[in-house]
């Protein structure tokens, strides 16, 4: 996981599939939010995978728009999301 404070951008928060449902993602996300709040960040934004979309919605993130991100000439459908802290 990484957090770009200057852009309020959360990156690469992934939990290995066999560890889903154990609260690990929620703990990592809560840590990132607390860290951002201590630095007077008012909101976080990021690009969610389609499979993680419902998880982030359950944590209070709002869908902004669906996008296709391109990496190494491969397009990946994602969902741009944001949460006011």
Checking residue 55 against (1) modelled with pLDDT under 90; (2) over 17 Å from residue 2 (Cα atoms), the condition it does not meet: (1)
Near pairs, Cβ below 6 angstrom, 6+ apart or cross-chain, from the stretch 33-58 (more than 19 Å from residue 8 (Cβ to Cβ)) to any residue that is loosely packed, with under 12 Cβ neighbours inside 10 Å: 50/77
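The values are calculated or read from the model by the stated rules, or taken from the named source; none is laboratory data. Values in this document were obtained by computation on a predicted structure and should not be read as measured data. Virtual Cβ from ideal backbone geometry, glycine too; neighbours counted across all protein chains shown.
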